[in-house]
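Worksheet for the structure shown next.
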Amino acid sequence: MYVGEFLLWFGNAMKSETRKKLKMGYNYADMTLKEVQKDYTQESVSNNPRPIGPYYAYNDRYLEIRGGMFENFRGIVTWISLLMFFMPASGAYLGLRIFLRLYNNESDNFGSGVFAIFFFFVISLILTYLCIRYFRYIYRFELFTIRHIRVRFNRVTRQVYIQRPKYCGGTVVFKWEHIMPSNFGESGSDMGGTNMVNLMSFHPYKTGFPIAHSVGIGKNTYNPQDYKDEWEFIRRYMEHGRDNLPKPRLSTHLPMPFHGFSGHVSPMIHAVKNAPTFWMYILLIPVFLVLLPFYTVGYFISECLCWQPRWPKVIRQAGKTGKPVPKETTLSDYPPKVQQAILESRLEWGVRDEKTGKLVDYGNG
């Protein structure tokens, strides 16, 4: 489910006219100079680096991990979408059924049959148009889009590649040294008990891009130490290679019925641990019997109705001998209208000198 990624990009690339229509202002996410100047890739935050994953690739050149902020909720939009698709399909089915009855001389009322066929097909066409024209902005969060957001860390080129749908900002390239963990340390706070993924950011102070890019990686967790352990695993891989690091179990890009199971069952287990009462166990019985299969099947259907695109050739070959280094993402990589919207949002990303309390002019004003 790419609602989180879409909202982040929509907020950063929204046209001023759209903001006025929606009566939305700008959100100012000021950070301190100390936070944005720090090189987070050089500081160890854990003595237990762990590859929690899921990982798709791991070799001497790069590692690749699943991205996405709300993967544990995937399946909800799928069922809603299938219900919406069912309505025009039902109209077409009823119209076809009446047509076949007339064709096979199984109905005596020819006039009313023709009218019913016309009525059902018109309704079906109208509903199909509405689904394609308007509802696609909803179902594309889970259907007919990229199966999984991927984040590739290339230790040869020392770059980070993020593969997202175009409506979430598209594929971007940033320097490894510019990454900032957002769930802990200088740039964030320990987020225990939040069921969040590990969030990483690329602030404009470092990248030169007018706005920040953020991405969630790995699985949702309630344990704040998990964020540090996985970040430490990635950090050591990028800085020192695979030596003395545990080898992650690799997952597949292909749809699998069990992929959504762990993400949906983890909140239930957490609820039981925090409130191990008789009534909690009673409440979880229908959850396990009805909701868990419901979500898991929806997740699987979503995977089946999506595809996993290849990385651009320059990223696939990045780090190989004699191959070019991918160009970092700049404002010029986007269409003119999107560029203008991004420039209008750049003032949201202020940097404040913690000593003087004043905003720092770093060329983003």
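The values are calculated or read from the model by the stated rules, or taken from the named source; none is laboratory data. Here the structure is a predicted model, which means the values were calculated and not measured. Note that we place each Cβ from the backbone using ideal geometry, even for glycine, and neighbour counts take in every protein chain shown. Heavy atoms of the whole protein, side chains included, go into the accessibility calculation; ligands, DNA and RNA do not. Shrake-Rupley method; radii C 1.70, N 1.55, O 1.52, S 1.80 Å.
When the chain is modelled as a GNM with alpha-carbon springs shorter than 10 Å, which of Thr41, Thr128, Thr330 fluctuates the most? It is Thr128. Convex hull volume of the C-alpha atoms in the stretch 141-269, normalised per residue: 139 Å³. Among residues other than Ser214 whose Cβ falls under 12 Å from its Cβ, what is the net charge (Lys/Arg +1, Asp/Glu -1)? Value of the local net charge: 0.
The alpha carbon convex hull volume per residue for the chain rounds to 208 Å³.
Sorted into 5 angstrom bins from 0, the C-alpha pair distances of the stretch 121-181 split as 4, 15, 18, 15, 12, 10, 8, 6, 5, 4, 3, 1 percent. Excluding same-chain neighbours fewer than eight residues apart, the lysines reachable from Lys166 by a Cα-Cα span under 22 Å are Lys15, Lys175, Lys313, Lys327, Lys337. Average 1/r across all pairs of distinct alpha carbons in the stretch 56-153, invert it, and you get the Kirkwood radius: 16.8 Å. Largest accessible area first, the residues Tyr137, Tyr167, Tyr237, Tyr129 order themselves as Tyr129, Tyr137, Tyr167, Tyr237 under a 1.4 Å probe with ligands, DNA and RNA left out. Counting only protein heavy atoms and a 1.4 Å probe, the chain has 52 square angstrom of accessible area per residue. All other residues whose Cβ lies under 14 angstrom from that of Asp353 are scored, Lys and Arg at +1 and Asp and Glu at -1, for a net of 0. Distance between the C-alpha centres of the stretch 80-138 and the stretch 279-302: 33 Å, rounded to the whole angstrom.
Expressed as a whole percent, the accessible area of the stretch 237-365 that falls on carbon and sulfur atoms is 65 (1.4 Å probe). Checking the table Lys34/Lys219; Lys38/Lys358; Lys20/Lys206 against a 26 Å threshold on Cα-Cα, which pairs fail? From Lys34/Lys219; Lys38/Lys358; Lys20/Lys206, over 26 Å: Lys34/Lys219; Lys20/Lys206.
For the stretch 1-106, a Kirkwood hydrodynamic radius built from all Cα pairs, placed in the Stokes-Einstein relation at 37 °C and 0.692 mPa s, yields a translational diffusion coefficient of 160 µm²/s. Partners of Lys273 within straight-line reach, counting aspartates and glutamates whose Cα lies under 18 Å from its Cα and excluding those fewer than 8 residues away in the same chain: Asp226.
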